[in-house]
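Read the figures in this text as sums done on the coordinates, not as results from a lab. The shown structure was predicted, so the numbers you read here are calculated from the model rather than taken from an experiment. Here the Cβ is made from the backbone with ideal geometry for all residues, glycine too, and neighbour counts use every protein chain on show.
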Amino acid sequence: MQDTEQKSRAIAADLQLPVKQVLAAIELLEAGNTIPFIARYRKEVTQGLDEIALRAVEDSVEKATALAARKATVVKSIQSQGLMSDEVLAAIENCSDLRQLEMLYLPFKPKRRTKASIARERGLQPLADLLVLQEPLEVSRNATLDRFVNPALEIADRDAALQGALAIVAEQWSEDATLRSWMLDDAKASGKVTSTVKRGKKKEAEKFEIYFDHREAVEKIPSHRLLAMLRGEAEGLLRIGIAMDDGRALARMKSQFLHERRFEFYRELVAAIGDCYERLLQPATQSSVLQNLKEQADTGAIEVFGKNLHELLMASPAGPRVTLGIDPGFRTGCKLAVVDKTGKFLATSTIYPTPPRNDCDAAAKRVMEFINEYGVELIAIGNGTASRETDVFVGSLLKDQGLKVTKVMVSEAGASIYSASDIAIKEFPDLDVTVRGAISIARRLQDPLAELVKTDPKSIGVGQYQHDVNQTRLRKCLDRTVESCVNAVGVDLNMASVSLLSHVAGIGPKLAQNIVAFRDQNGRFENRNELLEVAKLGKKAFEQAAGFLRIRGGKETLDNSAVHPESYPLVGHMAKKLGTDPKRLVGDADLSQKLNPSEYVDDRFGLPTVIDIISELEKPGRDPRREFKVVQFDDAINNIDDLKAGLVMEGVITNVTHFGAFVDIGVHQDALIHISQLSSEFVKDPNEIVAVGDLVKVKVIEVDAGRKRISVTRKF
């Protein structure tokens, strides 16, 4: 308990949160509670910490745990060498940063063979110690060196002895924690990130042309530019470095290490300063700065990806309507797939309304057969190859037939990966991958969240350099984002796939499989309590998950709401006080508004929970996602060659980055709204202005068909 309290105080100070809230959060997490559950159903305990704050606490706990484990390893290593002192132990115990800990450990860290380690093996450490002290010699310079000459140890002469000792001195200086920390801070404050093109690579590196001879302050470089440079380096096209103030660094080293100009070896020590800097400290500092910049850039890029993914997953669902999905194509034709209101696959076919066959009559006949036979209400068209041609064909058909069927262009990013995945193969083992893709496109329109959770988030295409960032951190962010979205919306227990159920708080992949297997064997769930009959699903998992699972048309009306089963007795008490049946209270806003929250607060249910319950009773199972809207592309604009400056068009935001936003305007190539073109006002963060899925009007500024670049603006 004492350890938890100490940890809580440190984390609270770091996050600037009250210790009591942090302690409560840590205790709940250590008891096996999930963050969605704590944020929704334990507000009284944490005094209202939201998911963002809880995630920060969770990360801090993991960081503190990792630091404690590393401290233990470092202490054990130093002790095993017999080099531990009270001073070193105190420094380690008081260290609160992993990087600083590694600096403290560096002098004691077992090393590969270096010039210095070889010199130590040859008995030159005492000479190195003498050089570091810079005290008057007891004997002459030559006599001092002669004591260490030993041909048997490959120290042939005085110069060999001196050079070996100086190598030890340089290494010791390079491991000074104070100096390394100062150099790192100085490089961050005044250093420049440099980028040059490698010899003979100019033509191959054309896409990185702006970085052929580039310098930018370390403290100001934006994450997207750094990641672009690093990608160029990874591809063997650019050379990246950190330009430092060598003069200031050398002056600092001389003032710290050289204190006796009359010392017999002073001139050699000055040279050792230069060797230490150029061979050891400068490369190490440059590496550390680039590592820090990369970590910061990763953080920024991952945050962008997380925000974009959240908006995409929370895109407005078209709802349970019969949908025709179309995966467009030219030579291979357009694959059709009809799904019913629940997303169940009904029928498939292939049509060829696009070049080279242009068989529009037969294609129109087949589409009309599907519309009439299955009562199609929505048509989802994938936005890949041949999408605009297919969209024009469908639009003309609907207009000619006078049909009020809604057609929507749907992002098919990642659909091909899903189509070939084990999940898709298991779901549709007898269907071609292209048909699976059409089914997925249709389902994405009905319920983006339910379908997109089946696909690796990295393949959805809403990130910024997502393949260049730390993949472990990225995966953690994306998993959290998916979990947050799934639990915010809630999941239909009788309809959800294994993929969707896996992200419900407290469940995971194995229990999700068990739930679906139970459902397949026993039929639909009629109430939440039946979950306890599922194999391996115990009381703890039930507690965490139940409030996020919905049962439509079940025996218990509250099962189709976000009211947790533990609160059902409270709802019964509310109904009794109003003289009505609990079923009548659900969905009756007039009745719910008669409830005074403070009258129902007790030791178990605090005011935040009571308010949440009453709010849920007013609108049970409400969907937090946006209202469904459709972008209207210009039928006369089908590809980039149709564009010209000044055109005003409607589009949908597909990606938001630090430098602007990309918008689909229906020409197979997303246009860029640069950050300077997002608003007439100054924009610091594009996420404050637009989000993935937003419908926007833009004006074309510039078109570069050769490089497939389109620039548009919202300032008109």
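Hey, if you drop one equal point scatterer on each alpha-carbon of segment 557-716 and run the Debye formula without solvent, what base-10 log of I(q)/I(0) do you get at q = 0.09, 0.10, 0.16 Å⁻¹? Ignoring solvent entirely, the Cα scatterers give -0.54, -0.59, -0.79. To the nearest ten degrees, helix 387-401 and the longest principal axis of the Cα atoms of the chain are 10 degrees apart.
Find the relative contact order for segment 575-703 and round it to a whole percent, using C-alpha pairs within less than 8 Å whose residues are 6+ positions apart. Before the final figure, lay out each step's value.
Values: 183 pairs, mean separation 26.1, N = 129.
After rounding, I find 20 percent.
Axis of helix 266-275 versus longest Cα principal axis of the chain: the two differ by about 20°, to the nearest ten degrees.
Compared with the dominant Cα axis of the chain, that is its longest principal axis, helix 2-15 is turned about 80°.
Over segment 173-299, all Cα pairs binned in 10 Å intervals from 0 give whole-percent P(r) values of 12, 38, 27, 16, 7, 1, listed from short to long. Exceedance of the 28 Å cut-off in Cα-Cα distance is limited, within the set 202/699; 399/697; 71/684, to 202/699; 71/684.
Working from label points 7 Å from Cα in the Cα-to-Cβ sense, the residue 674 to residue 114 distance is 4.7 nm.
Here segment 478-555 is treated as an ellipsoid with the same Cα gyration tensor; its semi-axes, largest first and in whole Å, are 18, 13, 12.
Could you tell me what a quarter of the Cα convex hull surface of the chain works out to, in nm² with one decimal place? For the chain, the mean projected area of the Cα convex hull comes to 42.1 nm².
The distance linking segment 610-653 with segment 1-56 is 36 Å (Cα centroid to Cα centroid, whole angstrom). Listed by chain and number, the aspartates and glutamates whose alpha-carbon sits under 18 Å from that of residue 536, ignoring those within fewer than 8 places in the same chain, are 520. Between residue 135 and residue 58, the C-beta separation translates, for a Förster distance of 41 Å, into a calculated FRET efficiency of about 0.15.
Efficiency by 1/(1 + (r/R0)^6): what FRET value for residue 295 and residue 635, r their Cβ-Cβ distance, R0 = 60 Å, to the nearest 0.05? Rounded to the nearest 0.05, the efficiency is 0.80.
Determine the gain in length on full extension of the stretch residue 598-residue 85; use 0.36 nm per residue of separation and subtract their C-alpha separation, reporting nm with one decimal. Intermediate values should be presented prior to the final figure.
Values: separation 513, 0.36 × 513 = 184.68 nm, distance 6.00 nm.
In short, 178.7 nm is gained.
For the pair residue 316 and residue 47 in one chain, pulling the backbone fully straight at 0.36 nm per residue adds 93.7 nm over the alpha carbon distance. For the pair residue 626 and residue 254, a Förster radius of 56 Å applied to the C-beta separation gives a FRET efficiency near 0.30, rounded to the nearest 0.05.
The alpha-carbon of residue 577 sits under 21 angstrom from the alpha-carbons of these lysines, leaving out residues fewer than 8 places away in its chain: 594, 619.
Using 0.36 nm per residue and subtracting the Cα-Cα separation, the extra length available between residue 31 and residue 246 on full extension is 72.1 nm. As a rough footprinting exposure proxy, the listed residues 394, 75 were ranked by other beta carbons within 10 Å of their own, and the order from fewest upward is 75, 394. Around the amide H of residue 549, modelled in the peptide plane, lie the amide H atoms of 491, all under 5 Å away and 5 or more residues distant in sequence or on another chain.
Of 344/708; 198/254; 307/629; 207/307; 335/629, which ones are farther than 32 Å apart at the Cα?
Checking Cα-Cα distances, 344/708; 198/254 exceed 32 Å.
In the structure shown, the pairs 111/201; 220/715; 476/540 are assessed against 32 Å; a Cα-Cα span above that value is assigned to 111/201.
Annotation for segment 299-351 versus segment 247-288: alpha-carbon center distance of 63 Å. Excluding same-chain neighbours fewer than eight residues apart, the aspartates and glutamates reachable from residue 539 by a Cα-Cα span under 14 Å are 530, 566.
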